[in-house]
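Report on the structure given below.
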C-alpha cells in the first residue's frame with residue numbers, strides 16, 4: 001500500500017491569497033477555517049495577526065495532519081487602532097481619507113503547520129505605507145475604479161489608481177501586502193522540498 005503524497009493546503013477563503021500562491025504553487029487546496037477573529041483586550045496588531053495565522057493553520061491541520069497547511073492573517077494599524085475591511089464605498093472613503101499625509105502599518109503573519117511531523121514555522125512581515133497628502137478627487141478616482149470592497153483598510157496595492165495616493169512603501173516583501181509574504185514562504189517550502197524555482 002503506497003502512502004499518499006502530502007498536499008499543500010491554504011487555510012484561507014481569500015481569493016487574493018489563493019491567486020498569489022497559485023503564481024508559485026500550481027497545485028494546492030483552499031479550505032476556509034471558521035474562527036473567531038476578535039481582538040483580545042490590549043492585544044497588539046502584530047500579536048493579533050500572528051495568533052490568527054497560527055489558529056487558522058492549526059485548525060485545518062487538526063483534520064489534515066499529514067498535509068502542509070498554510071495559515072495567514074493580515075492586520076492594518078493606524079494610530080495604534082486596528083483597521084478592518086470597509087464593506088462599501090462610503091466606509092472605504094471614510095477610512096482612507098484619514099490616511100492622507102500619514103502612515104499606515106500592515107502586519108502580515110504566516111504559519112506553516114505539518115501536524116504529523118510536529119512542524120510549525122511562523123513569520124511576520126511589516127509593511128509601512130506612507131501616503132501623500134492626497135486630494136479628495138484622487139481618492140474618489142481610486143474608489144471608483146473598484147468593483148468590490150473586500151480588502152484590509154480598503155487597500156488594493158496592485159491598483160494603479162491606489163499607487164497615485166502613495167508616497168512610499170517600506171517592506172521586505174512587496175507581495176506581503178496582498179496577503180502572503182512570498183519570499184519567506186517559498187524559502188520555507190523550498191527547504192521542505194515542496195517548491196522549486
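The values are calculated or read from the model by the stated rules, or taken from the named source; none is laboratory data. Not measured: the values here are computed from a predicted model. Ideal geometry is used to build each Cβ from the backbone, glycine not excepted, and the neighbour counts take in all protein chains shown.
General observations
- One residue alone among 51, 64 is surrounded by fewer than 22 Cβ atoms within 10 Å (Cβ to Cβ), under 20 Å from the mean Cα position of the chain (by Cα) and closer than 30 Å to residue 193 by Cβ, and that residue is 51.
- If you go through the range 179-190 and keep only what is in contact with a strand residue (DSSP E or B) (Cβ under 9 Å, 6 or more places away or on another chain) and in a helix (DSSP H, G or I), you end up with 183, 184, 185, 188, 189.
- One residue from 101, 84 being at pLDDT below 95, surrounded by fewer than 17 Cβ atoms within 10 Å (Cβ to Cβ) and within 30 Å of residue 163 (Cα to Cα): 84
- Selected residue [in contact with a helix residue (DSSP H, G or I) (Cβ under 6 Å, 6 or more places away or on another chain), within 23 Å of residue 120 (Cα to Cα), buried (at least 16 other Cβ atoms within 10 Å of the Cβ) and in contact (Cβ under 8 Å) with a residue 60 or more places away in the chain] from 189, 185, 180: 180
- Test: residue in the range 129-147 that is buried (at least 19 other Cβ atoms within 10 Å of the Cβ), in contact (Cβ under 8 Å) with a residue 40 or more places away in the chain and not in a helix (DSSP H, G or I): yes
- Any hit, the range 64-79, residues being part of a loop (DSSP other than H, G, I, E, B) and free of Cβ contacts under 8 Å to residues at least 24 places away in the same chain: yes
- Residues that are at pLDDT below 95 and under 18 Å from residue 114 (Cβ atoms), drawn from the range 12-27: 12, 25, 27
- Near pairs, Cβ below 6 angstrom, 6+ apart or cross-chain, from the range 12-27 (over 11 Å from residue 178 (Cβ atoms)) to any residue that is surrounded by fewer than 13 Cβ atoms within 10 Å (Cβ to Cβ): 13/32
- Only one entry of 149, 106, 162 meets the criterion of being in contact with a helix residue (DSSP H, G or I) (Cβ under 7 Å, 6 or more places away or on another chain) and farther than 18 Å from residue 89 by Cα, and that entry is 106.
- Selection within the range 82-117 - assigned to a helix (DSSP H, G or I) and over 30 Å from residue 188 (Cα atoms): 89, 90, 91, 92, 93, 94, 95, 96, 97, 98, 99
- Whichever residue in the range 1-35 is assigned to a strand (DSSP E or B) and over 15 Å from the mean Cα position of the chain (by Cα) and, among such residues, is nearest to residue 187 (Cα to Cα): 8
- Checked against the criteria, residue 56 does not count as in contact (Cβ under 8 Å) with a residue 40 or more places away in the chain, under 19 Å from residue 114 (Cβ atoms) and surrounded by fewer than 19 Cβ atoms within 10 Å (Cβ to Cβ).
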